[in-house]
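Report on the following structure.
The values are calculated or read from the model by the stated rules, or taken from the named source; none is laboratory data. Predicted, not measured: the structure shown is a model, and the values here were computed from it. For the accessible areas, the whole protein counts, side chains as well, though only heavy atoms, and no ligand, DNA or RNA atoms are used. Shrake-Rupley method; radii C 1.70, N 1.55, O 1.52, S 1.80 Å.
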Amino acid sequence: QVQLVESGGGLVHVGGSLRLSCAASGSIFSINVMGWYRQAPGKQRELAAAITKRGSTNYSDSVKGRFTISRDNAKNTVYLQMNSLKPEDTAVYYCHVITWASTNYWGQGTQVTVSS
């Protein structure tokens, strides 16, 4: 089992920045991919960014160039640095991990609101 605890969400103005953190505990040695999904009201949950244990990254087109995902394997923590935020970035952001056995775990979600 893997437990995920997110932090760092909040309210920010257009053009501002936020940094999300997600700390994993439990069966941490089983974790391969760590990432962030987001779900806006009335929309499907979508991938924002992901990073493998070796550091390979993947970004959605909507956040590429503005968001940066990073990972500290020693602290079992993944970060999402979000810059140049737009109103359309408003969503609940969920931490997500995939283990080497392809099991998925989700955090409880943290709200990000970008006001214009």
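Tabulated data for the structure shown
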{"quantity": "Long-range HN-HN contacts of residue 73 with modeled amide H, under 5 Å", "calculated": "none"}
{"quantity": "Å² per residue, accessible surface of the chain at 1.4 Å", "calculated": "52"}
{"quantity": "Linear extension gain, residue 64 paired with residue 25, 0.36 nm per residue minus alpha-carbon span", "calculated": "11.2 nm"}
{"quantity": "Stretchable slack from residue 101 to residue 74, in nm (0.36 nm times residue separation minus alpha-carbon distance)", "calculated": "7.6 nm"}
{"quantity": "Percentage relative contact order, the range 58-113, counting C-alpha pairs under 8 Å, at least six apart", "calculated": "25"}
{"quantity": "Carbon + sulfur, % of accessible area of the range 17-109 - ligands and nucleic acids excluded, 1.4 Å", "calculated": "48"}
{"quantity": "Fraction of the pair-distance distribution of the chain above 17 Å, Cα-Cα pairs, percent", "calculated": "50"}
